[in-house]
Amino acid sequence: MDIQALKQEQTTRAAEVVRADDFDVMPPRYIAGADVGFEQGGEVTRAALVLLEYPSLKLIEHRVARIATTMPYIPGFLSFREYPALLAAWEQLEQKPDLLFVDGQGIAHPRRLGVASHFGLLVDVPTIGVAKRRLCGKFEPLGDEPGSRQPLIDKGEQIGWVLRSKKRCNPLFISPGHRVSNDTALHWVETCLQGYRLPEPTRWADAVASNRPAFARLGIPL
DNA sequence: GCGACAG
DNA sequence: ATCTTGTCGC
């Protein structure tokens, strides 16, 4: 693969990302979570999509898609590695969500096209990037209290928020994916918090994509 | 040149 | 991401 060509594509596509709120439904009726895992030493990519009903936040649909892995992991180019499997799972989803949480960055990316933004553009759905670690940007130290937050800044602009979602846990890196603003992205993530570090949509998608025992026990087929 | 670096 | 049990701390 040609890294320079991919960079060019990112720059071009990033210009199409809508950073303002553009909801057709407010509040959303369905919020989905997306995550990707790997099998067979990385040869197979497994994408999971879970659909929750709002405001109950109950799981009402889940889909898993598997495809042959096409690209290695390269920091800054994660979306090219993950979106094919995510698209496959998306097509299987019977009820499309009004808002989608994607595991990874949104615009908090060197060229403003993290996987949440890239995938949001591809399926034209409002998305929010929820990452467990930082890719780029700087931020002031956070307080120890849950709810403590700091803006994530890069090249003079706010690209997201750093949020302490739970006591004694590392913070979350939240950024707009597509058709969502910085503040709205933070708002919906906080609204979906239920006592765990990760918001419900992401927590379920994470568990399903990573084949966590808790889900195997519930008899959910992967 | 050196360090950082989503999943 | 993934390989993997118990264990320390709140």
> Which members of the stretch A:7-37 meet the condition of being surrounded by fewer than 17 Cβ atoms within 10 Å (Cβ to Cβ) and of a type in the set (A, V, I, L, M, F, W, C)?
Replying inline: A:Ala15, A:Ala20, A:Phe23, A:Val25, A:Met26
> Under the condition of being in a loop (DSSP other than H, G, I, E, B) and surrounded by 17 or more Cβ atoms within 10 Å (Cβ to Cβ), which residue from the stretch A:62-85 is farthest from DNA strand B (Cβ to nearest atom)?
Replying inline: A:Thr69
>> So for the stretch A:49-60 (the condition being within 10 Å of DNA strand B (Cβ to nearest atom) and in contact with a Pro (Cβ under 8 Å, 6 or more places away or on another chain)), does at least one residue qualify?
In response: no
> Going by the structure shown, is A:Asp154 of a type in the set (Asp, Glu) and either touching a helix residue (DSSP H, G or I) at 6+ places or on another chain (Cβ under 8 Å) or without any contact (Cβ under 8 Å) to a residue 40 or more places away in the chain (or both)?
Replying inline: no
> Of all residues in the stretch A:111-136, which are among the polar types (S, T, N, Q) and closer than 21 Å to A:Lys155 by Cβ?
Replying inline: A:Ser117
> Which number in (1) without any contact (Cβ under 8 Å) to a residue 60 or more places away in the chain; (2) within 10 Å of DNA strand B (Cβ to nearest atom) marks the one condition that A:Leu135 misses?
Replying inline: (1)
> Of (1) under 23 Å from A:Phe173 (Cα atoms); (2) modelled with pLDDT under 95, A:Tyr73 satisfies all except one. Which?
Replying inline: (2)
> Which of the residues spanning the stretch A:71-114 are more than 15 Å from DNA strand C (Cβ to nearest atom) and of a type in the set (S, T, N, Q)?
Replying inline: A:Gln92, A:Gln95
>> Between a residue in the stretch A:63-80 that is under 19 Å from A:Glu91 (Cβ atoms) and any residue that is more than 15 Å from DNA strand B (Cβ to nearest atom) and not in a strand (DSSP E or B), which pairs come within a Cβ distance under 7 Å, given they are 6 or more apart or on different chains?
In response: A:Arg63/A:Gln92; A:Arg63/A:Leu93; A:Val64/A:Leu222; A:Ala65/A:Ala88; A:Ala65/A:Gln92; A:Ile67/A:Ala88
>> Going residue by residue through the stretch A:169-178, is there one that turns out to be surrounded by fewer than 17 Cβ atoms within 10 Å (Cβ to Cβ), over 16 Å from A:Ile31 (Cα atoms), within 14 Å of DNA strand B (Cβ to nearest atom) and not aliphatic (A, V, I, L, M)?
In response: yes
> Inside the stretch A:86-125, can you point out the residues that are in a loop (DSSP other than H, G, I, E, B), touching a Ser or Thr at 6+ places or on another chain (Cβ under 9 Å) and buried (at least 24 other Cβ atoms within 10 Å of the Cβ)?
Replying inline: A:Gly104, A:Gln105, A:Gly106, A:Ile107, A:Ala108, A:His109, A:Arg112, A:Leu113, A:Gly114
> Only one residue in A:Gly129, A:Gly143 is under 14 Å from the mean Cα position of the chain (by Cα) and either modelled with pLDDT of 95 or more or more than 15 Å from DNA strand B (Cβ to nearest atom) (or both), so which one is that?
Replying inline: A:Gly129
> Which of the strands (runs of 3 or more DSSP E) contained wholly in the stretch A:126-185 include at least 3 residues that are within 15 Å of A:Val115 (Cβ to Cβ)?
Replying inline: A:127-131, A:172-178
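The values are calculated or read from the model by the stated rules, or taken from the named source; none is laboratory data. Since this is a predicted model, take the numbers as computed values, not measurements. FYI the Cβ positions are ideal-geometry reconstructions off the backbone, even for glycines, and counts take in every protein chain you see.
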